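A short worksheet on the structure shown next.
The values are calculated or read from the model by the stated rules, or taken from the named source; none is laboratory data. Just so you know, these numbers come straight off a predicted model, no measurement behind them. Using ideal geometry, Cβ is built from the backbone for each residue, glycine included, and neighbour counts are taken over all protein chains shown. Accessible surface is based on the protein model in full, side chains and every heavy atom, while ligands, DNA and RNA are left aside. Shrake-Rupley method; radii C 1.70, N 1.55, O 1.52, S 1.80 Å.
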Amino acid sequence: MRPFAYTRAADVAAAVAEVGSDPGSEYLAGGTTEVDMLRIGVARPRRVVDINDLPISGIEELPGGGVRLGGLARMSDAAAHPAVRGRFPVLAQALEKGASAQLRNMASMGGNLMQRVRCAYFRDGGAACNKRAPGSGCAALGGVDRGHAVLGTSEHCIATHPSDAAVALTALDATVHLRGRAGERSIALDDFFLLPGDTPEREHPIEHGELITAIEIPASEEARTSHYLKVRDRESYEFALASAAVALLVEDGRVARVRIGLGGVATKPWRARRAEAALAGAPAERASYERAAAEELAAAVPRRMNAFKIELARRTMVRALETTASLGARGGTG
């Protein structure tokens with residue numbers, strides 16, 4: 001690990017000014033990912049600015065039924081909050097399946113969104129990686145690609161995004177609130193994550209020094225009947241091979257409203273809009289779910305070792321839809 005300077009910020013404005021004015025500075029919150037990146041030499045800041053004292057860790061219920069999560073709200077606190085569990089069960093489930101209790105107690109909601117990919121080549125300083133060293137190539141192409149993406153890929157990067165919570169938040173139409181040197185602004189969560197395209201090193205449309213101050217989730221009737229399904233090699237907090245976040249409202253036996261997010265199969269938390277469009281007004285039954293899943297995954301691009309993910313994602317989406325529909329029929333939540 002290279003030496004670096006360490007400071008603690010006293011307030012949001014000071015933190016933004018300190019990091020925003022120095023390209024060699026980075027924020028440090030829970031550190032559950034950042035410390036790993038420092039240890040293996042992927043992150044190489046001259047200075048880290050500890051932001052844990054900033055007053056942006058609260059969880060607030062909004063008029064109308066929405067919830068605002070502070071950027072420094074801990075994953076464990078968000079998952080346990082009654083408003084999250086009651087109004088957005090899919091998010092509570094995604095948070096609890098995303099990490100061990102110890103990590104959830106440390107990791108912040110903003111940091112969870114900003115975590116880097118878990119591609120082994122990204123973490124290997126001797127391997128070609130366009131995210132870590134733009135223009136160096138992608139060792140995963142032609143390498144061991146079993147865990148890599150089949151949706152949203154490019155010839156420059158096929159790494160999957162690792163966050164479970166981001167998949168649920170994408171399906172819930174959440175908004176990210178930012179504070180930077182130029183002031184405050186908001187970005188829809190689906191736009192907060194960029195496809196790799198020709199610039200895989202740029203993962204978010206934010207400027208250096210912009211800080212996530214809050215994540216806002218709007219109220220919706222379908223969100224109360226929602227479910228997160230995660231399929232992985234082992235149950236002990238492994239990353240998803242495929243996951244699905246579903247919020248579903250069924251009226252008179254047909255799909256009235258539906259939102260679907262996919263994880264583990266794409267280069268960003270994937271909003272399954274083709275599947276949602278295919279399900280609009282369709283009978284709430286397995287045949288409809290299978291057609292919608294096939295429609296969403298028609299654009300998938302398999303590699304040598306990960307073609308199984310297409311079928312796995314299809315089955316995961318169908319099962320998540322069936323489970324959520326059954327919860328709605330019983331009048332329960334996910």
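A few remarks follow.
- Straight-line cross-link reach from LYS131 at under 22 Å between alpha-carbon atoms covers these lysines, not counting any fewer than eight positions away in the same chain: LYS268.
- Length-normalised contact order of the range 5-52 in % [C-alpha pairs under 8 Å, at least 6 apart]: 56
- Translational D in µm²/s for the range 233-329 (Stokes-Einstein at 10 °C, 1.306 mPa s, Kirkwood Rh from C-alpha pairs): 117
- Measuring nothing but how far apart in sequence close Cα pairs (under 8 Å, 6+ apart) lie, relative to its length, the range 120-160 scores a relative contact order of 30 percent.
- Bridgeable aspartates and glutamates around LYS97 (alpha carbons under 16 Å apart, same-chain partners fewer than 8 residues away excluded): ASP77, ASP164, ASP233, GLU235, GLU238.
- Protection proxy ranking of 263-269, 180-186 - average other beta-carbon atoms within 10 Å, highest first: 263-269, 180-186
- Segment ARG146-ARG234, length gained on full extension (0.36 nm per residue, minus Cα span): 30.2 nm
- For SER100 and SER326, the FRET efficiency from 1/(1 + (r/R0)^6), where r spans their Cβ atoms and R0 equals 25 Å, is about 0.30.
- Two numbers describe the Cα atoms of the chain: Rg and Dmax, which are 19.6, 63 Å.
- Net charge of Cβ neighbours under 12 Å - reference LYS230; Lys, Arg +1; Asp, Glu -1: -1
- The residue list LEU54, ASN306, LEU321 was ranked by how far each Cα lies along the charge dipole of the chain toward its positive end, using unit charges on Cβ atoms, and ASN306 comes out on top.
- Descending principal axes extents, the range 134-215, alpha-carbon based, whole Å: 43, 28, 14
- Cβ crowding within 10 Å averaged over residues, with 24-32, 204-212, 238-246 ranked highest first: 238-246, 24-32, 204-212
- The residue among MET37, ALA139, ALA79 whose Cα reaches farthest toward the positive pole of the charge dipole of the chain, with charges on the beta-carbon of Lys, Arg, Asp and Glu, is ALA139.
- In this structure, ASP22 and GLU60 have a Cβ-Cβ separation that, at R0 = 25 Å, corresponds to a calculated FRET efficiency of about 0.20.
- Helical runs assigned H by DSSP (4 residues or longer) give the chain a calculated mean residue ellipticity at 222 nm of -8500 deg cm²/dmol, each run adding -39500 (n - 2.57) before division by the residue total.
- Rounded to the nearest whole Hz, the Karplus-based 3J(HN,Hα) values (6.51 cos²θ - 1.76 cosθ + 1.60, θ = phi - 60°) of the range 261-274 follow the sequence x, 10, x, x, 10, 9, 7, 8, x, 9, 7, 7, 6, 5, with x at glycine and proline.
- Whole-percent pair-distance distribution, where bins are 10 Å wide, for the alpha carbons of the range 179-275: 13, 33, 35, 17, 3, 0
- Full extension of the chain segment joining ASP11 with SER136 gains 41.1 nm, where the gain is 0.36 nm per residue of separation less the Cα-Cα distance.
- Rounded accessible area per residue of the chain, 1.4 Å, Å²: 42
- Judged by the mean number of other Cβ atoms found within 10 Å, the most tightly packed of the peptides 145-152, 60-67 leads the ranking 145-152, 60-67.
- Share of carbon and sulfur in the accessible heavy-atom surface of the range 53-328 [1.4 Å probe, %]: 49
- Sequence-distant contacts, meaning Cα pairs under 8 Å at least 6 residues apart, place the relative contact order of the chain at 17 percent.
- With Cα atoms, 0 to 90° folded angle of helix 286-297 axis to the chain main axis: 40
- For the range 5-52, the mean projected area of the C-alpha convex hull, equal to one quarter of the hull surface, is 3.1 nm².
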